[in-house]
Amino acid sequence: MQMGQFFRAFFAVGIIGGAFVALAEAKSGWAPDPQTGRALLTENCASCHAVDATGTSPVPEAVAFHEISARYPVKALEEALAEGIMVGHDGVQQMPEFRFNAIQIGDIIAYLESIQDE
Ligand code: HEC
């Protein structure tokens, strides 16, 4: 991954997630760890979503994580991850609600940025 991507993942648009992440970083000297992000996604999401840089999801309706940026910027997920992602429509297998802390979000976004198709 390039440094440019890294810095956009922390500081740019995601107002809530970005502020949390910047704060956590300022306090601790912490830097996001994509491998921790990957582990969190594997633990919580892999039963339905493809977590790796290639492959299709076990649940066809669930977006493969390497294809997220084809739909919207990965950073748009920061806020959703902080507030609790909750999607699902009638008749579709309901996605459970998740909530992550600032450090976890930074790690997850760093990982997702690293696996996007384009
Ligand atoms: C039980 C299965 C399941 C699990 C576990 C799951 N998801 Fe999903 N997810 C889905 C399905 C099904 C959809 C398709 C949208 C829907 O439900 O309407 C989806 C959609 C999404 C979307 C796309 C939302 C949109 O607006 O396009 C994102 C992003 C997402 N999930 C992230 C995650 C993350 C991050 C995790 C783990 C923290 C996770 N999901 C865990 C089933 C799951």
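Just so it is clear, none of the values below were taken in a lab; they were calculated from the coordinates. No experiment lies behind these values; they were computed from the predicted model shown. Because the Cβ atoms are built from the backbone with ideal geometry, glycine has one as well, and the counts that use them run over all protein chains shown.
Summary of values
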read-out	value
For peptides 44-54, 98-108, sequence by mean Cβ density within 10 Å, most packed first	98-108, 44-54
Amide H partners (placed H, <5 Å) of F98, local residues excluded	I85
